[in-house]
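The values are calculated or read from the model by the stated rules, or taken from the named source; none is laboratory data. Note that this is a predicted model, so its numbers are computed, not measured. All Cβ positions, even for glycine, are placed from backbone atoms using ideal geometry, and neighbour counts span all protein chains on display.
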Amino acid sequence: MKGILFFIVALFLGACGYIPTSKIANNIFDDKVYVNVELSLQDPRNSIFVADTLKEMVISKLGRKLALKHEADDVINVRMNNLEFTPLIYDKNGYVISYKAKLNLEFKVVFKDGTTEHFSTSGSYNFDISPNSIISDAARYEAIRAASSEAFDEFISVIAIKGHKRATQY
């Protein structure tokens, strides 16, 4: 029974032309990628959190190797446009107990052939804190990490669609 169900699901996904975005991204980026995250002068500490997360995402989600700029085939330049923490929920005493971290990133990709693409993405993450407390470094880091990951996923989806269109044109 499990075999029949697996066959039906595989047939359905194969028939509708489903291709994972990571597979499409393989056709877009070459093996070596340089990731440059512009550090924000207003918020350098959070910029470093974003940089670490994005570099990790290039390795884990794209399966690419990080390289020095002069060795890289493709260059991904990232700028953190905005990071804000917005209170979502207050307790009965008026203390904030839930926040939303919203991160806006701007990507400029320079491909091996010299063409460039610009993308703006955003990511968000909701998290709780104890009443009458400040946002801890661990909660802040986790929120930035999750929002960065969501923004990077959006970037990959958009670039995969553009890359798929580009690949089918040639």
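Out of the residues in region 58-74 that are among the basic types (Lys, Arg) and under 19 Å from the mean Cα position of the chain (by Cα), which is modelled with the lowest pLDDT? Let's see the steps before the verdict.
Applying the first criterion (among the basic types (Lys, Arg)) to region 58-74 yields 61, 64-65, 69.
Going one step further and asking which of them are under 19 Å from the mean Cα position of the chain (by Cα), we end up with 61, 64-65.
Values: Lys61: 84, Arg64: 87, Lys65: 89.
Result: Lys61.
Please find, within region 113-141, the residue that is farthest from Glu38 (Cα to Cα) out of those that are in contact with a strand residue (DSSP E or B) (Cβ under 6 Å, 6 or more places away or on another chain) and among the charged types (D, E, K, R).
Asp128
Mind checking which residues of region 52-68 are among the polar types (S, T, N, Q) and more than 13 Å from Ala151 (Cα to Cα)?
Once the filter is applied, which keeps residues that are among the polar types (S, T, N, Q) and more than 13 Å from Ala151 (Cα to Cα), region 52-68 yields only Ser60.
List every residue pair whose Cβ atoms lie under 8 Å apart, where the two residues are 6 or more positions apart in sequence or sit on different chains, the first residue falls within region 55-66 and is part of a helix (DSSP H, G or I), and the second residue, located anywhere, is among the small types (Gly, Ala, Ser).
So the pair list comes out as Met57/Ser148; Met57/Ser149.
Only one residue in Ile28, Ile4, Ile48, Ile24 is part of a loop (DSSP other than H, G, I, E, B) and either in contact with an Asp or Glu (Cβ under 6 Å, 6 or more places away or on another chain) or at pLDDT below 90 (or both). Which one?
On the way: Ile4 fails: part of a loop (DSSP other than H, G, I, E, B); Ile48 fails: part of a loop (DSSP other than H, G, I, E, B); Ile24 fails: part of a loop (DSSP other than H, G, I, E, B).
Result: Ile28 is the single residue among Ile28, Ile4, Ile48, Ile24 that is part of a loop (DSSP other than H, G, I, E, B) and either in contact with an Asp or Glu (Cβ under 6 Å, 6 or more places away or on another chain) or at pLDDT below 90 (or both).
Of the residues in region 31-45, how many are out of contact with any helix residue (DSSP H, G or I) (no Cβ under 7 Å at 6 or more places or on another chain), more than 20 Å from Gly123 (Cα to Cα) and at pLDDT 85 or above?
Going through region 31-45 one residue at a time, the tally reaches 3.
Hey, among the residues in region 112-140 that are surrounded by fewer than 16 Cβ atoms within 10 Å (Cβ to Cβ) and part of a helix (DSSP H, G or I), which one's modelled with the lowest pLDDT?
Among residues in region 112-140 that are surrounded by fewer than 16 Cβ atoms within 10 Å (Cβ to Cβ) and part of a helix (DSSP H, G or I), the one modelled with the lowest pLDDT is Asp137.
Suppose we keep only residues that are touching a residue at least 12 places away in the same chain (Cβ under 8 Å) and farther than 26 Å from Leu39 by Cβ within region 90-111. Which one would you say is surrounded by the fewest Cβ atoms within 10 Å (Cβ to Cβ)?
Filtering region 90-111 for residues touching a residue at least 12 places away in the same chain (Cβ under 8 Å) gives 91, 93, 95-111.
Then drop every residue that is not farther than 26 Å from Leu39 by Cβ, which leaves 91, 93, 95-98.
Numbers: Asp91: 12, Asn93: 8, Tyr95: 14, Val96: 19, Ile97: 17, Ser98: 14.
Within region 90-111, the match that is surrounded by the fewest Cβ atoms within 10 Å (Cβ to Cβ) is Asn93.
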